[in-house]
Amino acid sequence: MIGMARSLFGANAGSLSAGGTESIFLAVQTARDHAHARGVMSPELVCARTVHPAFAKACKYLDVTQRFTEVTDDGRADPEAMEAALNADTALLVASAPGYPFGVIDPVTDIAAMAAERDLLCHVDACLGGWLLPFWERLGEEVVPWDFRVEGVTSLSADIHKYGYCFKGISTITYRDPELYQRQVFMYDQWPGGLYASASAAGTRPGPPIAGAWATITHLGADGYMRLGARVLEATQGFLAAVDSVDGVRATPTPDMSVFQIGVDADSEVVVDIEAVGDRMDERGWNMDRQQGGLHVMLSPGHDKVATAFGEDLAASVADQGVPLECSTPTVGWSTTRRCRGGWRNEWSFGGPTAPFFDGAGEEPARFVLRQVDDDRFVVEELVLYDDGVISMSLPRREGGAHRPGLDPVLHGVVRTGQRAAHPRSTRARHDVGGDQGGGAIR
Ligand SMILES: Cc1ncc(COP(=O)(O)O)c(C=O)c1O
């Protein structure tokens, strides 16, 4: 498997790990120890705001300072901003190929060149793209350079358990320089049990993900990956065309791969509450992850068969998302708390003690009075929870804001009226198009 990874990415050394997070940990640990060996005792990592949280976690555990930089309008890392963040303690620059939130590939060539010029390390996080982009390139797609063919890239993470189509628990971490890889390997003989050596964080490792990955890779072979990659490509084109055809929403920003965010089209006159659209899509059987700027989509082979249905349901969901509230203050409302992926979410209806405006089965309502404080902020007054604290209020996620479970008296966001046409629950199969389900099934 490492042999295949090496030939796919142009690497010279590497190991398997249990997942993207472990691969990233190993790359950060290698960079930290490399920096220590050069006398940099408080090493720093410079990256875009869009890198996966695994880097934050690795930095926390490994005592490395993480310096974030903002992205450009197209969602990509900004080399100039990264350059401005470099200092004498910088050990590692990071680029994503692509990043999870927007599916765009950072300018790896510029970032790696910046690292090479200063004799720094450069890691490419291709956890998502590593096992797909090489096959898209072979299919004739234009793919910007992102792997070891780019001068200055020193390490690369790529998950087999995403677009390698294996079950979870298997990833690769590879290096250009076998000597640098040696810093990842742990060897120890200061005990009476002989030489202990291991290449990744775990000691004893579970065999099933390794055996499963071997079986999958050898079964599919390059031809299989081309065939499935072509289906993911077709799904991507179909879904993006579907999003494009619906007034009010668009891919924000335009992605480079089969992972993207659907957000509000700022140039459209259609008023869209993207979270409400997500809820309507849930009801129609589509599971999309919520993120600050919109709905997250990640496509697998199989989604090529449902692009048209997705477009129809997206258009219908934008049409029946609800109407923005022109609210007089204060107003009386009802809240329905619903569990959603990643937490709790509240729905409100207004205009007096109505039945919960959603079908609400099994959900406990709460009654409250809202006072509007400005255009999009409301203060909840006289909140009555009918189920003694079981209900949590939450903030709808918004750009830059945290999703906080627990009671909070100030609610931000667009509030909608309860006047909405009921529609029957979908009888369609559920389609999981969010999250890191690269190999995920359509349910
Ligand atoms: C770009 C990227 N990097 C790293 C990771 C972390 O991978 P894992 O969840 O396998 O630890 C993910 C997971 O979604 C990812 O999308």
(request) Please specify each residue of region 65-85 satisfying the condition of being buried (at least 22 other Cβ atoms within 10 Å of the Cβ) and aliphatic (A, V, I, L, M). (result) ALA77, MET82
(request) Determine, yes or no, whether ALA58 is within 18 Å of GLN184 (Cα to Cα), crowded, with 18+ Cβ neighbours inside 10 Å and either touching a residue at least 60 places away in the same chain (Cβ under 8 Å) or not assigned by TED's automatic domain parsing to the domain that holds TYR163 (or both). (result) no
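Go through region 155-168 and count every residue that is buried (at least 24 other Cβ atoms within 10 Å of the Cβ) and more than 9 Å from the ligand (Cβ to nearest atom). Outline the logic, then answer.
First pass over region 155-168, keeping only residues buried (at least 24 other Cβ atoms within 10 Å of the Cβ): 155-164, 166.
Still in the list and also more than 9 Å from the ligand (Cβ to nearest atom): 155-156, 158, 160, 163-164, 166.
Counting residues in region 155-168 that are buried (at least 24 other Cβ atoms within 10 Å of the Cβ) and more than 9 Å from the ligand (Cβ to nearest atom) gives 7.
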(request) Could you run through region 86-106 and say how many residues are within 16 Å of the ligand (Cβ to nearest atom) and farther than 15 Å from PHE68 by Cα? (result) 8
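Scan region 62-83 for residues that are part of a strand (DSSP E or B) and farther than 19 Å from ALA251 by Cβ and jot them down. Reasoning before the result, please.
Taking region 62-83 first, the residues part of a strand (DSSP E or B) are 65-69, 71, 77.
Matches in region 62-83: THR65, GLN66, ARG67, PHE68, THR69.
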(message) Every residue in region 16-49 that is of a type in the set (Ser, Thr, Tyr), surrounded by 21 or more Cβ atoms within 10 Å (Cβ to Cβ) and outside any helix (DSSP H, G or I), please.
(response) SER17
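Please specify each residue of region 92-110 satisfying the condition of being among the β-branched types (Val, Ile, Thr), farther than 20 Å from LEU26 by Cβ and crowded, with 24+ Cβ neighbours inside 10 Å. So that I can check it myself, show each step before the final result.
To start, the set of residues in region 92-110 that are among the β-branched types (Val, Ile, Thr) comprises 94, 104-105, 108-109.
Going one step further and asking which of them are farther than 20 Å from LEU26 by Cβ, we end up with 104-105, 109.
Within region 92-110, VAL104, ILE105 meet the criteria.
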(request) Could you list all residues from region 255-298 that are assigned to a strand (DSSP E or B) and more than 20 Å from ALA319 (Cβ to Cβ)? (result) VAL259, PHE260, GLN261, ASN287, ASP289, ARG290, GLN291, HIS296, MET298
(message) Whether any residue in region 30-50 is of a type in the set (Ser, Thr, Tyr), within 16 Å of the ligand (Cβ to nearest atom), at pLDDT 95 or above and touching a Leu at 6+ places or on another chain (Cβ under 8 Å) is what I want to check.
(response) no
(request) Only residues that are over 19 Å from the mean Cα position of the chain (by Cα) and touching a residue at least 40 places away in the same chain (Cβ under 8 Å): list them for region 250-276, please. (result) VAL270, VAL271, VAL272, ASP273, ALA276
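Looking at region 121-149, which of the residues that are among the aliphatic types (A, V, I, L, M) and crowded, with 24+ Cβ neighbours inside 10 Å is nearest to the ligand (Cβ to nearest atom)? Step through it out loud before you land on a result.
The initial filter retains those residues of region 121-149 that are among the aliphatic types (A, V, I, L, M), namely 121, 124, 126, 128, 132-133, 139, 143-144.
Next cut, crowded, with 24+ Cβ neighbours inside 10 Å only: 121, 124, 126, 128, 132-133.
Numbers: LEU121: 17, VAL124: 10, ALA126: 8, LEU128: 4, LEU132: 12, LEU133: 12 Å.
So, considering only residues that are among the aliphatic types (A, V, I, L, M) and crowded, with 24+ Cβ neighbours inside 10 Å, the one nearest to the ligand (Cβ to nearest atom) is LEU128.
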(message) Conditions first: (1) buried (at least 19 other Cβ atoms within 10 Å of the Cβ); (2) out of contact with any Leu (no Cβ under 9 Å at 6 or more places or on another chain); (3) assigned to a loop (DSSP other than H, G, I, E, B). ASP247 passes all but one, so which condition is the exception?
(response) (1)
(message) Quick check on my filter: what residues within region 213-226 are over 30 Å from TYR188 (Cα atoms) and either in the same structural domain as TRP131 (by TED's automatic domain parsing) or of a type outside the set (D, E, K, R) (or both)?
(response) ALA215, THR216, ILE217, THR218, HIS219, LEU220, GLY221, ALA222, GLY224, TYR225, MET226
(request) Find all pairs meeting these conditions: Cβ atoms under 7 angstrom apart; at least six residues apart or on different chains; first residue within region 15-31 and on the phi > 0 side of the Ramachandran plot; second residue away from the ligand (no atom under 12 Å from the Cβ) and aliphatic (A, V, I, L, M). (result) none
(message) For region 169-208, which positions are out of contact with any Asp or Glu (no Cβ under 9 Å at 6 or more places or on another chain) and within 14 Å of the ligand (Cβ to nearest atom)?
(response) GLY169
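The values are calculated or read from the model by the stated rules, or taken from the named source; none is laboratory data. Bear in mind the structure is a predicted one, so any value in this text is a computation, not a measurement. Cβ coordinates were reconstructed from backbone atoms using ideal geometry, including for glycine residues, and neighbour counts include every protein chain displayed.
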